[in-house]
Amino acid sequence: MNTAMRSTALPLALAVAACSGSDGGSGAVAIRISGEGAAKTGYPYVKNGAEIRFVDDWTVRFSKYLVSVGQVRLAGADDAVAFASNEVFVADLHQGDPVILAVSDLEARRWERLSFRVVAPPTDAKVVGAVAAEDVARMQRENLNYWIEGTAEKGGRSIAFAWGLANPTRATNCSNGIDGTEGVVVRNNATAEAELTFHLDHLFWDTLGTEVAKLRFEPIAAAAGDDQAASLDELSKQSLSDLRDLDREPLRDEAGARLVYNPGSVPLPEQSLRSFMLAASAGQAHLNGLGLCTITRL
């Protein structure tokens with residue numbers, strides 16, 4: 001039988017597609033976004049009993065981690081559509097883990113196909129929480145899907161960074177990080193949580209094509225030179241196969257070998273640290289922690 005679907009979005013109502021119900025009852029889905037502990041307290045931080053840190057001993061703290069995310073769609077493997085939203089939300093992951101969208105009166109069943117986009121905010125984007133209007137305007141003007149500010153420190157040296165990333169993506173076919181199954185299960189008279197979890201460590205990876213990479217900041221600090229700030233454009237000066245330190249000597253890893261960043265099979269427009277960072281950070285989004293999605297560049 002058909003049921004009507006009611007939905008709410010924070011802060012405004014969401015217009016969604018109708019969905020079909022069944023005699024199995026109905027439930028709801030809440031879409032939350034999170035940058036985990038890293039967005040709030042920076043690196044190092046402890047996750048599930050393990051410390052996540054930079055191998056070159058830098059510490060990093062974020063003061064802003066804005067993401068523009070939305071166009072969420074939930075469907076089944078049978079092509080039934082639970083809901084489809086065109087709304088895009090801008091939130092600061094440094095401030096917390098807000099629910100951006102809540103949808104009720106969904107058929108209680110497994111919905112295998114969750115998808116969403118990380119794109120620059122359109123003019124009608126919904127701002128969640130305390131996000132400065134000038135930051136949203138900058139993201140719109142420069143087509144940025146991330147705006148990131150913070151500070152890195154090591155041995156008495158402090159490097160500020162303010163990076164706008166333009167690497168829009170579509171995430172599809174997300175597996176659930178809670179149990180490794182496909183999508184989300186809606187249960188009768190219950191609310192299923194679908195957390196779009198952003199792994200901020202991707203921003204500082206030294207290897208692509210894997211979820212196991214080392215975090216490094218030394219090549220970024222070296223690109224900044226004697227400045228107290230590192231711009232995204234300055235990272236273009238660092239070649240992946242010829243990374244240099246402040247004295248223009250070859251950077252070396254923990255074993256003393258020359259440090260080389262490995263892009264794997266990921267195509268880059270240029271073999272620079274800037275291109276590498278844009279590619280690495282494009283795959284930040286997961287579902288419910290470690291759930292992997294198919295990421296397509298837009």
Could you list, ordered by first residue, the pairs with Cβ atoms under 7 Å in which the first is in the range 108-128 and over 16 Å from Gln284 (Cα atoms) and the second is hydroxyl-bearing (Ser, Thr, Tyr) and buried (at least 20 other Cβ atoms within 10 Å of the Cβ), at least 6 apart or interchain? Ala108/Ser26; Pro121/Ser68; Ala125/Ser68
Can you tell me which residues in the range 253-287 are more than 13 Å from Leu240 (Cα to Cα), among the polar types (S, T, N, Q) and surrounded by fewer than 22 Cβ atoms within 10 Å (Cβ to Cβ)? Ser265
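Here's a check for you: in the range 191-208, which residue that is among the charged types (D, E, K, R) and in a strand (DSSP E or B) is farthest from the chain's Cα centre (by Cα)?
Initial filter on the range 191-208 (among the charged types (D, E, K, R)): 193, 195, 201, 206.
Those still in the list that are in a strand (DSSP E or B) too: 193, 195.
On the way: Glu193: 17, Glu195: 11 Å.
The qualifying residue farthest from the chain's Cα centre (by Cα) is Glu193.
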Lys126 surrounded by fewer than 21 Cβ atoms within 10 Å (Cβ to Cβ), modelled with pLDDT of 95 or more and in contact with a helix residue (DSSP H, G or I) (Cβ under 9 Å, 6 or more places away or on another chain): no
Per the filter on the range 32-63, residues over 16 Å from Leu203 (Cα atoms), assigned to a strand (DSSP E or B), without any contact (Cβ under 8 Å) to a residue 12 or more places away in the chain and not acidic (Asp, Glu) are Val46, Lys47, Ala50
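Within the range 248-256, does at least one residue satisfy the condition of being among the aliphatic types (A, V, I, L, M) and over 19 Å from Trp163 (Cβ atoms)?
Among the residues of the range 248-256, at least one is among the aliphatic types (A, V, I, L, M) and over 19 Å from Trp163 (Cβ atoms), which makes the answer yes.
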Determine whether the range 272-281 contains at least one residue that is farther than 21 Å from Ile52 by Cβ and part of a loop (DSSP other than H, G, I, E, B). no
Across the range 64-112, which residue is nearest to the chain's Cα centre (by Cα) among those that are in a loop (DSSP other than H, G, I, E, B) and more than 24 Å from Val185 (Cβ to Cβ)? Leu93
Between residues in the range 205-227 that are of a type in the set (A, V, I, L, M, F, W, C) and residues that are part of a helix (DSSP H, G or I) and loosely packed, with under 14 Cβ neighbours inside 10 Å, which pairs lie under 6 Å by C-beta distance while being six or more apart or on different chains? none
Are there any pairs with C-beta distances below 6 angstrom linking a residue in the range 134-157 that is under 17 Å from Met277 (Cβ atoms) and outside any strand (DSSP E or B) to a residue that is modelled with pLDDT of 95 or more and of a type outside the set (A, V, I, L, M, F, W, C), with the two at least 6 apart or on different chains, and if so which? Glu142/Gly164; Leu144/Gly164; Asn145/Ser68; Asn145/Pro168
Counting only residues that are surrounded by fewer than 19 Cβ atoms within 10 Å (Cβ to Cβ) and of a type outside the set (Val, Ile, Thr), the range 288-298 contains a total of 5
Does the range 223-237 contain any residue that is at pLDDT 95 or above, of a type outside the set (S, T, N, Q), part of a loop (DSSP other than H, G, I, E, B) and farther than 26 Å from Leu144 by Cα? no
Residues of the range 246-267 satisfying the condition of being under 30 Å from Ser175 (Cβ atoms) and touching a residue at least 24 places away in the same chain (Cβ under 8 Å): Tyr261, Asn262, Pro263, Gly264, Ser265, Val266
Identify, by number, the condition in (1) surrounded by 14 or more Cβ atoms within 10 Å (Cβ to Cβ); (2) at pLDDT 85 or above that Ser20 doesn't meet. (2)
Could we say that Pro219 is within 24 Å of the chain's Cα centre (by Cα), in a loop (DSSP other than H, G, I, E, B) and not aromatic (Phe, Trp, Tyr) here? no
Would you mind finding the one in Leu273, Leu278, Leu243 that is out of contact with any Gly (no Cβ under 8 Å at 6 or more places or on another chain) and free of Cβ contacts under 8 Å to residues at least 40 places away in the same chain? Leu243
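The values are calculated or read from the model by the stated rules, or taken from the named source; none is laboratory data. Source: prediction; values computed, not measured. Counting neighbours? That spans all protein chains shown, and the Cβs are built from the backbone with ideal geometry, glycine included.
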